[in-house]
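Just so it is clear, none of the values below were taken in a lab; they were calculated from the coordinates. The structure displayed is predicted, hence computed values, not measured ones. Cβ atoms come from the backbone with ideal geometry, glycine included; neighbour counts cover every protein chain shown.
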Amino acid sequence: MFESADGGARVFGLPPGVDFPAELIAGVLARLEGQPPEALGRVHLIVNTRRMARRIQTLLAQGPARLMPRVSLLTELGRDWTMADIAPPAPPLRRRLELIQLIASLLDAQPDLAPRTALYDLASSLATLMDEMEGEGVSPDVIDALDISDQSGHWERIRAFLNIVRHFTQGRGAPGSEARQRRVVQRKIDTWTLCPPDYPIILAGSTGSRGTTQMLMQAVAALPQGAVVLPGYDFDTPDAVWSAMGDAMLSEDHPQYRFRALRSVLGLGDVSRWTSAEPASSERARLVSLALRPAPITDQWLDEGPSLTGIGRAMEDVTLIEAPSHRIEALSIAMRLREAAETGQTAALITPDRGLTRRVAAALDRWGIIPDDSAGMPLHLSPPGRFLRHVAELSLRPLTAEALLTLLKHPLTHSGGRRGDHLRLTRELELHLRRNGPPFPTAATIAAWAAERSEPMAADWAAWVGNCMTGQEAPEAMPLTARVATHLKTAEAIADGAAPEAPSELWQKDAGMKARAVCDLLAAEAPHGGDITATDYAALFAALMQGEQVRNAEAPHSGILIWGTLEARVQGADMLILASLNEGSWPEAQTPDPWLNRALRHRAGLLLPERRIGLAAHDFQQAVLAKEVWLTRSIRSDESETVVSRWLNRIQNLMMGLPDQGGADALKAMRDRGQIWLDRAAQLEATERVPAAPRPAPCPPVEARPNRLSVTEIKRLIRDPYAIYAKHVLRLRPLDPLMKAPDALLRGIVLHEVLERFVQGSVDAPEKLTREALMDLAQEVLSVEVPWAEARALWLARLERVADWFIETEEARRALATPTAYEARGQAQMVDLGFTLVANADRIDIDARGCLHIYDYKTGKPPGPTEQAHFDKQLLLEAAIAERSGFEGLRPAKVARALYIGLGSDPKEEAAPLEDEPADEVWQGLRDLITAYRTLRKGYVSRRAMQKTIDTGDYDQLARYGEWDITDDPTRQEVS
């Protein structure tokens, strides 16, 4: 196939923007023209990605009939039988687990090196560094010999970790994947040196960015029938620019730097063309090449820019989308992909932003288009991945109601049969937990709830929940093998359900099988993991799931593709969409290296962080030269404004600086074409304006209006009548929070119980009216009723601050009257109106004259006399009930006084204004209020007289507050 190389390396290139697989085949066939048919079958093609290999095979299979060349991947060279004596690579998971044990021992010996919580992150980053050292052929001695003048001791701490590397590089156990690949390549090179193959070997599609790959490229290029074909080689780059890219510290992020390094290693003066193929637009290729020049020589724009011609023609097939948000960017892309699907055009979306690809896929779903996504869905976001992570978190802490319902509602839970019964019981249990708690369910509390149910399955279902989900907390360290076994056993039991009739869906379908493979690998490697805490295990398992992808099992659209940036080299699409062109997305933000800075990496011979930026720039340069291209970005993210990608920014700046050559007009035309699609997206998203709701004042029939209210609800009737309408007429109740919190309501309930038991106990035994007895009782009640340690301590401290004041004032209250009734119920009727007022007094004392003293405990600030007179009439109404009808066990009697006992930060007693508001007048005022609401014309106005405008009501959303303001006049509406 090739003539003699005269001792030199044989390296070819294809320019950016051409269909690399198609031109690779064209070059092979052209060089074999006139040779017998078996000549093609002797060719060995080595490519860098499986997609590239599949595309080559597909193109060759299109005809005519011919023998197929051998196509293999770089990573498959070790499968040759001559490599059988090289030990297979250890699974990456095993190395990380072993590193965790070594790092843990180091941290036990030197706790000041790093926090224990960083254990897994340290192991993962150290494993990555080890793989890189093995791939680049850098021994630990090189790292150890670096001369670092560090008075802070930072380098010595790093050395303590890096010494762990020696444990793995001195022949212990199976090699890592990079180490084995380097051994395989070295073995292959040695074999070729002794006996050069007489058949063509072509290494194609790789840039040689890694040391092992570059070593193989050198060997292949020097073979008698070997050649290297570089993708995206920029033949428009002048020699002066190639010479200026000699310093990796300055030029590593340039798209052509890796080719400059390869040329330097091989001693090449230039690279030959593999075929005569040119990109779709030569003018655009020159423009992009100039725009992407290395930063130190961008002054060449001034010299070479004016010589650029045909800028308008070069960019006529390029569209620039600058969307206001990620959502609009995704929608615009989806609309263009839909058009491509309708017209039979092959279109590919290229971006490293997986969030954007999911948005685009979701937007395409509205038209029933499933894109062919090369990456698929992250396994940790799939149903099995989420389910298994939830189960792993059961061991972290005591089960909460929220965690329990999260698992019970998962689609894989109880998927072994009778799922309908399971969902019905889950609903009933949720309502019970919301209304009654407890916040931390146990097997006993769930069994007690089930005992009151009539469903035949309730008892078995509750037992299944108690066995599988409660009592699973085990935060302490234990062997990883035991943790994995318990995790998987629990997950399968939860998926099977209480009455399994068939295998659950946990391990079924593509996502389930992928999750099963990951779990099997973890179980197989668990003996290398030693002991591990629940927190570390949850982080480890989540990281394993996050590192895997699962493809969609549904048949995708063959012409709508989603690729990663590396696949830009494959090409083959009619139009390309380069999306998310913002800094941090494309190029992606660099991961911080906790071990070596870029200068030390360069001195040690390791890869610089800018290498990934250079590879991404190379992928961008290839993709942007396709025939039809979209360049898209969002101006704002969810949090702030974005920064345009450096490559797009360079192209824009260069074009704006060439107005005489038509650069500024061409850029405006690109934006105008993009604006057309942004306008279309806005039209698709446009909604008809809905008139704002008026301030409601519903007028239900008189017979539907409430005829029974409590004294505490009278305040609500005055301030927010709509809440009374929603609760008593519509019979709507706010949904209680799933996870009860130690809020003011619970604090009030607990404090009432403490004071009631304390006062009642000290009446019979006056010697117990002491601060110590009060605090002991409070400790006892809080330990039972409040399962939150922080809240218990805080509430106990608050009570302790006011305990002396309460004892002192309680002695004064005892001198006036004797506590007689607690939580006393009373009611009074308005017979002619058919209305009943009910009350529940916290405490009623009786003095020697038979007069009543009514008390109400308040954990906050009690209302003042003016507020009580106009709004908060609770004590005044209780006094009216006491004098008119009496409370249970008490006959009607005169009320000597009624007061609030405020136990807030500023404790005080606040008396009700009984003299200014006599009981008869209060009762008449209530009668007038109820009479007013007994007429059809009286509406229940929303937020009639709220104490503060910032106060919220339980039914504000139902009243659509926010669409109207409190200054709006209420709109009466008769309802039936």
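Below is a table of values for the structure above.
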{"item": "Segment ASP951-ILE807, extension gain: residue separation times 0.36 nm, minus the distance between their alpha carbons", "result": "48.4 nm"}
{"item": "Amide H contacts under 5 Å for VAL71, placed H, 5+ residues apart", "result": "LEU45"}
{"item": "Label-point separation, GLU703 to ASP672 (7 Å along Cα→Cβ), nm", "result": "7.2 nm"}
{"item": "Positive minus negative residues near ASP85 (Lys, Arg vs Asp, Glu; Cβ under 14 Å)", "result": "+3"}
{"item": "Three-way shape label, region 538-685, alpha-carbon gyration tensor, a/c 1.5", "result": "oblate"}
{"item": "Sorted by Cβ neighbour density within 10 Å, fewest at the top, the residues CYS468, CYS519", "result": "CYS519, CYS468"}
{"item": "Tail beyond 20 Å, pair distance distribution of region 743-893 (Cα, percent)", "result": "56 percent"}
{"item": "Under the Debye formula (equal points on every Cα, no solvent term), log10 I(q)/I(0) of the chain at q = 0.05, 0.09, 0.10 Å⁻¹", "result": "-0.50, -1.13, -1.26"}
{"item": "Label point 7 Å beyond Cα of GLN829 along Cβ direction - residues of region 871-885 with amide nitrogen under 14 Å", "result": "885"}
{"item": "Protection proxy ranking, peptides 788-796, 610-618, 622-630, 730-738, average beta carbon neighbours within 10 Å, highest first", "result": "622-630, 610-618, 788-796, 730-738"}
{"item": "Crossing angle, helix 744-764 versus the chain [Cα axis fit, 0-90 degrees, rounded to tens]", "result": "40 degrees"}
{"item": "Rounded FRET efficiency, nearest 0.05, which uses the C-beta distance separating ARG419 from LEU77 and R0 of 51 Å", "result": "0.55"}
{"item": "Label point 7 Å beyond Cα of TRP788 along Cβ direction - residues of region 401-416 with amide nitrogen under 15 Å", "result": "401-402"}
{"item": "FRET E, pair GLU473, GLN779, Förster distance 30 Å, beta-carbon r, rounded to 0.05", "result": "0.75"}
{"item": "Rg/Rg_ref, region 604-748, where Rg_ref = 2.2 N^0.38 Å and atoms are Cα", "result": "2.13"}
{"item": "Cα gyration tensor category, rounded, prolate or oblate, for region 485-561 with a/c compared to 1.5", "result": "oblate"}
{"item": "DSSP beta bridge pairing in the chain, given as percent antiparallel to the nearest 5", "result": "35 percent"}
{"item": "Separation in nanometres of the label points that stand 7 Å from Cα toward Cβ, at LEU146 and LEU194", "result": "3.8 nm"}
{"item": "Semi-axes of the equivalent ellipsoid for region 380-550, Cα gyration tensor, largest first, Å", "result": "28, 19, 13"}
{"item": "Theoretical gain in end-to-end length, ARG66 to THR309 [0.36 nm per residue, Cα-Cα removed]", "result": "83.1 nm"}
{"item": "Charge sum, other residues only, whose C-beta stays under 12 Å from SER289's C-beta, Lys/Arg counted +1 and Asp/Glu -1", "result": "0"}
{"item": "Label-point separation, GLN345 to ASP736 (7 Å along Cα→Cβ), nm", "result": "5.9 nm"}
{"item": "Footprinting exposure proxy for SER976, SER289, SER72 (fewest neighbouring C-beta atoms within 10 Å first)", "result": "SER976, SER72, SER289"}
{"item": "Cα pair distances exceeding 15 angstrom across region 740-799, given as percent", "result": "46 percent"}
{"item": "Relative exposure of THR949, THR426, judged by other C-beta atoms within 10 Å (fewest first)", "result": "THR949, THR426"}
{"item": "Within the chain, helix-based [θ] at 222 nm, where runs of 4 or more DSSP H residues each add -39,500 (n - 2.57), nearest 500", "result": "-14500 deg cm²/dmol"}
{"item": "Potential extension, ASP239-ALA277 segment - 0.36 nm per residue separation minus Cα distance", "result": "11.5 nm"}
{"item": "Rel. contact order, % - alpha carbon contacts under 8 angstrom, at least six apart, the chain", "result": "14 percent"}
{"item": "Helix axis angle, 177-194 relative to the chain longest principal axis, alpha carbon, degrees", "result": "10 degrees"}
{"item": "Computed log₁₀ I(q)/I(0) - Debye formula, equal Cα scatterers, no solvent, region 916-976, q 0.13, 0.17 Å⁻¹", "result": "-0.51, -0.79"}
{"item": "Mean separation of Cα contacts under 8 Å (6+ apart) over length of region 41-123, as relative contact order %", "result": "26 percent"}
